[in-house]
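Accompanying notes for the structure given below.
Please treat every number below as a calculation from the coordinates, not as lab data. In this text, all values refer to a predicted model and were calculated from it rather than measured experimentally. All Cβ positions, even for glycine, are placed from backbone atoms using ideal geometry, and neighbour counts span all protein chains on display.
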Amino acid sequence: MGNLKKIVLLFLFSQLNVQCQMKQEIPEFRTEISHPDKIYRITPIFDYIKTLEGNPAGLPYGSSSGSWGSSGKMWTAQKGMPIGFEITYYSLYENKYYEINEDFDVTNIKEMTNRCYPSNDEFSEEPVKEFITKDEFNKHYEPLRYYYEPFSDLIFGFAPQGMVVVWLGYGASRIELGRFQAKEITDKERVKECEEKYLSTYRIHPDTHKELIEIMHLDNPSPEKWDNYRLRYNWDYKISSENKGFKLFQIANEYFNGERENILRPMLLNSVMKEKAIPEMTTLFWETSAKERYQAKLFFDWDKTNEFLKTQGGDTTFNITINEDNTKLEIKVNGEPFPVKSIRIYPNSVMRYRESYKDF
């Protein structure tokens with residue numbers, strides 16, 4: 001009888017362990033709701049994020065915030081693999097209610113949420129890759145957690161006239177998943193239902209609501225600017241220096257369309273011409289000796305860059321040259337200076353890399 005009890009207990013413990021492992025394997029992600037230009041804030045009324053596992057997930061409480069592609073706020077982690085969303089929201093500056101119900105491509109979302117992108121390589125024994133799988137990350141978690149960022153954020157952006165963009169966040173990296181279109185709710189009963197829910201949820205007095213509609217109203221807001229930001233062209237950088245000790249370690253791109261890309265060696269030394277959005281800011285990190293570490297920030301003008309790339313009609317290489325004493329940076333295309341808003345060079349006192357010059 002004693003042995004039977006032991007067998008039963010062992011079985012129960014094994015089942016409990018399996019269930020715990022299954023729970024641990026369910027992915028987690030944070031959600032963000034953002035809007036552009038500070039004035040285009042929206043407020044969710046009903047929200048539901050669909051997950052592959054069927055776990056209920058949703059948006060943060062309150063209105064959108066931050067900038068295009070980044071709310072600047074953290075929220076309780078949601079569980080499951082996101083495969084779609086259903087959202088009803090209120091746009092105060094338009095005084096309109098919108099609704100949207102979309103499903104992601106499951107094959108694509110499985111692939112993208114299984115990726116981990118590099119953040120640094122300072123202590124890595126091997127060169128980092130463009131990305132690794134979550135399975136590889138979990139298998140070698142302790143060493144790899146310092147160099148790679150798994151999928152962690154589902155980010156929503158709401159622009160005028162029902163434009164909705166979704167990004168996937170991986171720490172410092174962000175990739176656009178897609179652009180979607182919400183529909184304005186015109187049925188009077190449905191509008192009334194949404195308004196009652198909005199006022200009660202956020203404890204807004206009807207008179208205050210009427211005043212806010214007048215104060216926050218914007219004439220003919222358009223999503224055109226943010227749709228244009230999504231235009232892509234084939235372009236790349238070629239970076240060189242007059243200093244023989246020059247070592248380029250990292251290129252960090254922040255794009256107008258809300259994406260962010262972090263490129264490390266050896267990828268940046270073997271870059272491939274590919275279709276990308278227009279960069280808003282590019283940061284370069286390089287060294288010419290153990291005492292000469294620098295970073296440069298290049299700020300781009302969207303209108304000028306877009307017009308130029310549009311007229312190129314093919315592959316474009318931005319040739320960046322740094323002078324010998326690291327005080328000047330020039331950017332040219334086809335031998336001609338290319339106009340940017342500004343270029344700033346700073347000493348780099350923080351970032352170190354796998355192939356950095358040693359301090360001793």
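Quick rundown of the values:
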item	result
GluC sites (Glu not before Pro), loop per DSSP, at most 16 other Cβ atoms within 10 Å - longest free stretch of the chain	131-241
Value of [θ]222 nm, deg cm²/dmol, for the chain, DSSP H segments ≥ 4, -39500 (n - 2.57) each, nearest 500	-7000 deg cm²/dmol
Formal net charge of residues neighbouring residue 255 (Cβ-Cβ distance under 11 Å; K, R +1; D, E -1)	0
Given 247/332; 96/310; 73/341; 188/225; 247/358; 247/291, the pairs whose alpha carbons are separated by over 24 Å	96/310; 73/341; 188/225
Entries of 38/129; 129/276; 38/183 with Cα pairs more than 29 Å apart	38/129
Gyration tensor over alpha-carbon atoms, region 231-347, equivalent ellipsoid semi-axes in Å	24, 15, 13
Per-bin percent of Cα-Cα distances, region 66-202 [5 Å]	2, 8, 16, 17, 17, 13, 10, 6, 5, 4, 2, 1, 0
Residue (of 98, 132, 299) at the positive-pole extreme of the chain, dipole from beta-carbon charges	132
Other-chain or far-sequence residues with amide H under 5 Å of residue 45's (modelled H)	88, 89, 90
Helix runs (DSSP H) in the chain reaching 30 Å along axis by Cα, Kyte-Doolittle at least 0.0	2-25
Candidate lysines - alpha carbon under 18 Å from residue 134, same-chain residues fewer than 8 apart omitted	23, 79, 110
Whole-Hz couplings from phi, Karplus 6.51/-1.76/1.60, listed for region 61-68; x for Gly and Pro	6, x, 8, 5, 7, x, 10, 4
Distance between region 296-360 and region 90-129 - C-alpha centres, whole angstrom	27 Å
Ratio of the Cα radius of gyration of the chain to 2.2 N^0.38 Å, where N counts its residues	1.19
Residue-wise HN-Hα coupling along region 170-178, computed from phi with Karplus coefficients 6.51, -1.76, 1.60 (Hz; x: Gly, Pro)	10, x, 7, 9, 9, 10, 5, 8, x
In region 292-330, trypsin sites (Lys or Arg not before Pro) in a DSSP loop with at most 15 other beta-carbon atoms within 10 Å	328
Coil-residue trypsin sites (Lys or Arg not before Pro) of region 172-204, DSSP, other Cβ within 10 Å capped at 15	203
The chain, dipole about Cα centre (Lys/Arg Cβ +1, Asp/Glu Cβ -1), debye to the nearest 20	880 debye
